[in-house]
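One structure is given here, and the rest of the page talks about it.
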Amino acid sequence: MIEKIEELLIEVNGFNATSKEDIENFRIKYNGKKGVLNDFYETLKEVPNDQKKEFGQKINTLKQAVAVKLEDLKNASATSIVIEKEDLTRPAFPLELGSRHPINLVKNRIIEIFKSIGFAVADGPEIEDDWHNFTALNLPEYHPARDMQDTFFIEQNPDILLRTHTSSVQTRYMEENQPPIRILSPGRVFRNEAISSRSHCIFHQIEGLYIDENVSFADLKQTIQFFTTELFGKSKIRMRPSYFPFTEPSAEIDVYWGLNSETDYRITKGTGWLEIMGCGMVDPAVLKNVNIDAEKYSGYAFGMGIERITMLLYQMSDIRMFFENDIRTLEQFKSL
């Protein structure tokens, strides 16, 4: 029996735990009601009197070894738990308060304005197929307007690409829903353009679409008038004839910014007018492509670059500032 205790002493001294469960199992094995130590104390009653002293001393030695080992294991476990809770990648003190990105600030403001007149938000994939990005929007393969958008292709035959505009969200929505339709489609778009202070290969758009019976160009103008007044506080706009494959007639929208400062002269090139978006009446061919009755329904669409609007609102001169994550730029928007 003494030899058994000595074997257990070696086992106790050499024991290592890898989890709290291991420690608890060790405790139960030796100190539990049906544990090793209680078994030895019960056996002690049956040991001859001349052997009880030696046997009792060995049991006490084992008991002390178990107590020391349990204390060591608990201390080691507590230390490891503290270490596990320490996130060594967290920023050092003082912790700086963040802010919304200026692009998100302006996007949310635009959405809020259009939601107040009944527009809902629709979303779609950034990786698109040719049909939803081009062909359904009256841009067949041979159409010269495709050259206006230098595209990032992921696959060919069939063509899979990074969307060049959020109009693709509109085609997907129209395929699945019948009029009345009144949606906004904000999101990131991609074009293979040289990066400079005024252009980037990644930027954000927000496009609107309204389709119903008897929708007219006057409805479009009134909507744009409301939007520019709400966002810029300026109600004077002009609509210049333009061309887009998916709208007919089409127009560019300018807002009168004024010439009150040197900055106004610079950003408006001395005219006082700033171009902010394109728009037009949805081409009947687009409606037919998405199985909407072009004889019964009409509609308008508009689209703008969020970066451009943000640069105007906050008088920022370089579009690259939105993507560089320079803290000196971003911390200026903490209070907004």
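The values are calculated or read from the model by the stated rules, or taken from the named source; none is laboratory data. The structure presented is a predicted model; accordingly, all values stated were derived computationally and were not measured. Neighbour counts are summed over all protein chains in view; Cβ atoms, including those assigned to glycine, are modelled from backbone coordinates with ideal geometry. These area figures cover heavy atoms from the full protein model, side chains too; ligands, DNA and RNA do not enter into them. Shrake-Rupley method; radii C 1.70, N 1.55, O 1.52, S 1.80 Å.
Quick one: is ILE206 at pLDDT 95 or above, exposed (fewer than 14 other Cβ atoms within 10 Å of the Cβ) and on the phi < 0 side of the Ramachandran plot?
no
Anything in the range 223-267 that is among the polar types (S, T, N, Q) and over 22 Å from PHE302 (Cα atoms)? List them, or say none.
ASN260, SER261, THR263
In the range 281-336, which helices (runs of 4 or more DSSP H) lie fully inside it and hold 2 or more residues that are of a type in the set (Val, Ile, Thr) and more than 16 Å from LYS107 (Cβ to Cβ)?
Those helices (runs of 4 or more DSSP H) span 327-330.
Looking at (1) open to solvent by 30 Å² or more (accessible area, probe 1.4 Å); (2) assigned to a helix (DSSP H, G or I); (3) modelled with pLDDT under 95, can you tell me which one ASP219 breaks?
All conditions are met except number (3).
If the requirement is being in contact with a strand residue (DSSP E or B) (Cβ under 7 Å, 6 or more places away or on another chain), closer than 21 Å to ILE319 by Cβ and of a type in the set (Val, Ile, Thr), which of these qualifies: THR247, THR268, THR228?
The conditions single out THR268.
Looking at the range 52-60, is at least one residue within 60 Å of the chain's Cα centre (by Cα), under 21 Å from LEU73 (Cβ atoms) and open to solvent by less than 90 Å² (accessible area, probe 1.4 Å)?
No, that holds for no residue.
Give all pairs with beta carbons closer than 6 Å in which a residue from the range 313-333 that is over 12 Å from SER199 (Cα atoms) meets a residue that is open to solvent by less than 70 Å² (accessible area, probe 1.4 Å) and in a loop (DSSP other than H, G, I, E, B); count only pairs at least 6 apart in sequence or on separate chains.
PHE333/SER99
Being out of contact with any Asp or Glu (no Cβ under 6 Å at 6 or more places or on another chain) and under 23 Å from GLN170 (Cβ atoms) is the filter here; which residues of the range 189-199 pass it?
VAL189, PHE190, GLU193
Within the group ALA122, ALA92, which residue is of a type in the set (Gly, Ala, Ser) and either in contact (Cβ under 8 Å) with a residue 12 or more places away in the chain or touching a Leu at 6+ places or on another chain (Cβ under 8 Å) (or both)?
Checking each option against the conditions leaves just ALA122.
What about ILE160, is it open to solvent by less than 70 Å² (accessible area, probe 1.4 Å) and within 24 Å of ASN289 (Cα to Cα)?
Judged against the criteria, ILE160 is a match.
Report yes if ASN138 is surrounded by 13 or more Cβ atoms within 10 Å (Cβ to Cβ) and either closer than 25 Å to PRO245 by Cα or of a type in the set (Asp, Glu) (or both), otherwise no.
yes
Can you name the residue in the range 251-278 that is out of contact with any Asp or Glu (no Cβ under 9 Å at 6 or more places or on another chain) and closer than 23 Å to GLN205 by Cβ and, of all such residues, is surrounded by the fewest Cβ atoms within 10 Å (Cβ to Cβ)?
Here the answer is ILE267.
Checking SER80 against (1) of a type in the set (S, T, N, Q); (2) at pLDDT below 75; (3) open to solvent by 80 Å² or more (accessible area, probe 1.4 Å), only one condition comes out false. Which one?
(3)
Would you confirm whether or not the range 142-162 contains a residue that is among the small types (Gly, Ala, Ser), assigned to a loop (DSSP other than H, G, I, E, B) and either touching a Pro at 6+ places or on another chain (Cβ under 9 Å) or modelled with pLDDT of 90 or more (or both)?
The answer is no; no qualifying residue exists.
Name, by its number, the condition in (1) in contact with a Ser or Thr (Cβ under 9 Å, 6 or more places away or on another chain); (2) free of Cβ contacts under 8 Å to residues at least 12 places away in the same chain that does not hold for THR268.
Exception for THR268: condition (1).
Checking the condition under 18 Å from PHE227 (Cβ atoms), open to solvent by less than 10 Å² (accessible area, probe 1.4 Å) and either among the polar types (S, T, N, Q) or out of contact with any Leu (no Cβ under 8 Å at 6 or more places or on another chain) (or both), which residue from SER185, SER168, SER116 passes?
SER185
Going through the range 168-191 one residue at a time, which ones are more than 13 Å from GLU126 (Cβ to Cβ), polar (S, T, N, Q) and part of a helix (DSSP H, G or I)?
If the condition is that a residue be more than 13 Å from GLU126 (Cβ to Cβ), polar (S, T, N, Q) and part of a helix (DSSP H, G or I), then GLN170, THR171 are the ones that fit.
Every residue in the range 236-250 that is open to solvent by less than 70 Å² (accessible area, probe 1.4 Å) and farther than 17 Å from ILE206 by Cβ, please.
Answer for the range 236-250, where residues must be open to solvent by less than 70 Å² (accessible area, probe 1.4 Å) and farther than 17 Å from ILE206 by Cβ: ILE237, MET239, SER242, PRO245, PRO249, SER250.
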